[in-house]
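See below for the structure under consideration.
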């Protein structure tokens, strides 16, 4: 039974992907900052170990890897933060908030990878969830977008440094999630697709043999290596 760590698995894309992996016979270690939401989604689910906590905490990262109990076949860095809502222009962006966004969206994923590397199985997969805001200059997205751009580059370099692994940055596209709603407070985002529609593309990266790189989930769905 393959083992995966999936962060941010109490809602949105992380929850949708984790549910699909369970259906496919994976053993999971999942986390989220909100213990109550994590418990509500995963309590009593066979083969799933839920570990609430903040990825910025060293002890929490160690706990996730320890809970895997051995070889790790997949690490999904999905947990992230948006930053202030409504999102401010860079001229007004609070620098303490910017540091927090980078800590959670860039430093913490790399730190978890560093912690997990000694336990990764041969040809294990690392999926870092990114965004089109990493490459498009949307007004107001300077904090979140620049953090995802940094994550993209870390992912690309890790893939070059570790050819024994498959290392992916995956853009899931627009989704109808709580984070997306926070980015557009007061607006109707019901026209956005649910996160479940992005899952097939992630599964192609997990189960296929595409080379390390950056992919859009909805474009890669159905592609074979």
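The values are calculated or read from the model by the stated rules, or taken from the named source; none is laboratory data. Being a predicted model, the structure only gives us computed values, none of them experimental. FYI the Cβ positions are ideal-geometry reconstructions off the backbone, even for glycines, and counts take in every protein chain you see.
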Check your understanding: Quick check, is residue 73 surrounded by fewer than 21 Cβ atoms within 10 Å (Cβ to Cβ), in a helix (DSSP H, G or I), modelled with pLDDT of 95 or more and on the phi < 0 side of the Ramachandran plot?
Key -> no
Review point. Which residues, taken from segment 17-47, are crowded, with 21+ Cβ neighbours inside 10 Å and touching a helix residue (DSSP H, G or I) at 6+ places or on another chain (Cβ under 7 Å)?
Key: 17, 28, 29, 30, 31, 32
Revision key, fill the gap. Checked segment 1-15 for anything more than 11 Å from the chain's Cα centre (by Cα), outside any strand (DSSP E or B) and crowded, with 21+ Cβ neighbours inside 10 Å; matches are 10
**Study point:** Tabulated pairs, segment 168-188, first on the phi < 0 side of the Ramachandran plot and free of Cβ contacts under 8 Å to residues at least 12 places away in the same chain, second surrounded by fewer than 17 Cβ atoms within 10 Å (Cβ to Cβ) and part of a loop (DSSP other than H, G, I, E, B), C-beta under 7 angstrom, 6+ apart or interchain
**Key:** 181/189
**Study point:** Members of segment 175-215 found to be in a loop (DSSP other than H, G, I, E, B) and under 30 Å from residue 164 (Cα atoms), listed by number
**Key:** 208, 209, 210, 211, 212
Check your understanding: Quick check: anything in segment 93-100 assigned to a helix (DSSP H, G or I), more than 15 Å from residue 167 (Cα to Cα) and in contact with a helix residue (DSSP H, G or I) (Cβ under 9 Å, 6 or more places away or on another chain)?
Key -> yes
Review point. In a loop (DSSP other than H, G, I, E, B) and crowded, with 19+ Cβ neighbours inside 10 Å - does that describe any residue in segment 111-132?
Key: yes
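Does residue 213 qualify as being at positive phi, in contact with a helix residue (DSSP H, G or I) (Cβ under 8 Å, 6 or more places away or on another chain) and touching a residue at least 12 places away in the same chain (Cβ under 8 Å)?
In short, yes.
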Review point. Which number in (1) surrounded by fewer than 12 Cβ atoms within 10 Å (Cβ to Cβ); (2) more than 14 Å from residue 146 (Cβ to Cβ); (3) in contact (Cβ under 8 Å) with a residue 24 or more places away in the chain marks the one condition that residue 89 misses?
Key: (2)
Revision key, fill the gap. Condition set touching a helix residue (DSSP H, G or I) at 6+ places or on another chain (Cβ under 6 Å) and closer than 18 Å to residue 15 by Cα, scope segment 173-192, selection modelled with the highest pLDDT: answer is 173
**Study point:** Flag if residue 218 is assigned to a loop (DSSP other than H, G, I, E, B) and within 20 Å of residue 14 (Cβ to Cβ)
**Key:** no
Check your understanding: in contact (Cβ under 8 Å) with a residue 12 or more places away in the chain, under 24 Å from residue 123 (Cβ atoms), part of a strand (DSSP E or B) and within 16 Å of the chain's Cα centre (by Cα): does that describe residue 21?
Key -> no
Review point. With (1) under 16 Å from the mean Cα position of the chain (by Cα); (2) free of Cβ contacts under 8 Å to residues at least 60 places away in the same chain; (3) closer than 23 Å to residue 172 by Cβ as the list, and residue 42 as the residue in question, which single condition is left unmet?
Key: (1)
Review point. So how many residues does segment 118-145 have that are within 17 Å of the chain's Cα centre (by Cα) and without any contact (Cβ under 8 Å) to a residue 40 or more places away in the chain?
Key: 3
